[in-house]
Amino acid sequence: MHAHVGYQQKITTSHVPWNHHLSHRQQPLTFLSQPTSPPLNLSTKWNNFKCLAAISKQTQRFFSAVLPTVATRDTSATNRLIKKFVASSPKSIALDALSHLLSPNSTHHPLLYFLTLPLYLKISEASWFSWNPTLVAQVVVLLDKQGLDKELEALMSETVSRLEFKERELVLFYCNLVGFNSKHNWARGFDDSYSRLNQLVCDSNSVYVKKQGYKAMISGLCEMGRAREAEDLIGEMRERGMKPTLFEFRCVLYGYGRLGLFKDMERILDKMESGGIEADTVCANMVLASYGAHNALPEMGLWLRKMKTLGIPLSTRTCNSVLNSCPTIMALMRNLDASCPVSIQELLKILSEDEAKLVKELIESSVLKEAMRWDTSEGKLDLHGMHLGSAYVMTLQWMEEMRNRLSNGEHVIPAEITVVCGSGNHSTVRGESPVKSMITEIMARTRSPMRIDRKNNGCFVAKGNVVKKWLLLTYEWARNPSIDHKL
């Protein structure tokens, strides 16, 4: 478990009263009254939901159908569509739709937030529904942001009453409230839930309650940009006879790093070392992400070399953090065209000195070997988990490694070569994989024989002997473009 690394989108909604009291058995669901702001224009982009993150087709159709009824304030039509969607959807699809509305990173139309409570209430009536305090905590945060104080208080009162004599579950509920409020960057809700959790921690004699509470408070404070307060809590833990763990130090480490307070970040690293807590790959990636967010490329290079000295292994996330911070590579990925380098040597020529040093550190690591499989049946490169820049650099390095292995006579030639790039199921736009598009461009530019697998459209495949011929020809063609390059 480690502190969350990422960016949160701050979402604002109108303060809108609702026409009903909170009840899990109320029929039919009444909907919100008219928003104080005029309905937003529903452009084609919103109607087609091209901006939605990976959600099911059924959920996309539901959102597309219900959005116009929300915009026109057709309450009965909205409730009818919600009822139909929940009744016709399996558990996973219905919860997927609700989760999308609750996510702080969703990019759906702002009006869809007003579906949160009626959709939750209708789902809670389903026969398969099991009451879940974590889900309730997410709903509470959205109700608070929408200014639905009456519904918020009713849901909070019901939840606390359910968990009153279950201290462990109650502390986890408050921990989730703190966490979700911090992810939404919602200061009012965070301060309230933090106060409730802190009081519970102070009053409890349970070590479990105290540990969970401190974890959530320290993580939440760091997420809210209050790393100094979080560090003070670590001191408070010690005063109360509790030993801080790697998790708390990671949170504060990254909390300072996100703010660009590198001296404080380095001071936390020194504290960890003096306390016998070793920095691991997750800590190292947090340091790299912090430097990268503030364009401190030379410091990233120094830290990569320090990781090598300390024996801290690099990971796919290391590559993502580093290469996402290289402006030249990011510019290439935004504009893939005929000028994009298709070999490591060509790439290094156009990078700045600092960027080139970072790329060299990465290609000298073991990340590619861990992403490769090589035996008599298959030679495979798996790009899952890699961001676009990482997939690009790893693919170029893989082509070079493949050429060396297939030409030196020391390695067996696999029967089949496969590049796994994914089909876009987890992309920002479902079914559209940026990595797949990039690989397609490289394959076309290098006149590759590899084609999309008929059985799995997230893979490129070709026979091993054919790939060997292509890679050797590509090398000769790069040296002398006038030669015939036909397989």
The alpha-carbon center of the stretch 404-424 and that of the stretch 213-276 are separated, in whole Å, by 45 Å
Quick one: accessible surface of ASP149, probe radius 1.4 Å, all protein chains present, in square angstrom to the nearest 10.
-> 60 Å²
Charge tally for neighbours of ASN79 with beta carbon under 13 Å away, counting Lys, Arg as +1 and Asp, Glu as -1, is +3
Using the Cα gyration tensor of the stretch 270-311, the equivalent ellipsoid's semi-axes, largest first and to the nearest Å, work out to 19, 11, 8
Using the Cβ atoms and a cut-off under 13 Å, what net charge is assigned to the surroundings of ALA331, where Lys and Arg are +1 and Asp and Glu are -1?
-> -1
Compute the distance in nm between two label points, each set 7 Å from the Cα along the Cα-to-Cβ direction, one at TYR208 and one at ARG162.
-> 1.9 nm
At 0.890 mPa s and 25 °C, Stokes D of the stretch 173-300 from Kirkwood alpha-carbon radius, µm² per second = 164 µm²/s
Pairs LYS308/LYS380; LYS306/LYS360; LYS308/LYS357; LYS91/LYS122: which are spaced more than 18 Å apart, C-alpha to C-alpha?
-> LYS308/LYS380
Entries in LYS166/LYS215; LYS84/LYS215; LYS83/LYS215; LYS436/LYS468 that, when Cα-Cα distance is taken, lie over 29 Å = LYS84/LYS215; LYS83/LYS215
Kirkwood-type radius of the stretch 73-207, with distances r between different C-alpha atoms, in Å | 15.8 Å
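The values are calculated or read from the model by the stated rules, or taken from the named source; none is laboratory data. The structure displayed is predicted, hence computed values, not measured ones. In this analysis, Cβ positions are derived from the backbone assuming ideal geometry, glycine residues included, and neighbour counts consider all displayed protein chains. The protein model used for the area step is the full one, side chains on, heavy atoms only, and it has no ligands, DNA or RNA in it. Shrake-Rupley method; radii C 1.70, N 1.55, O 1.52, S 1.80 Å.
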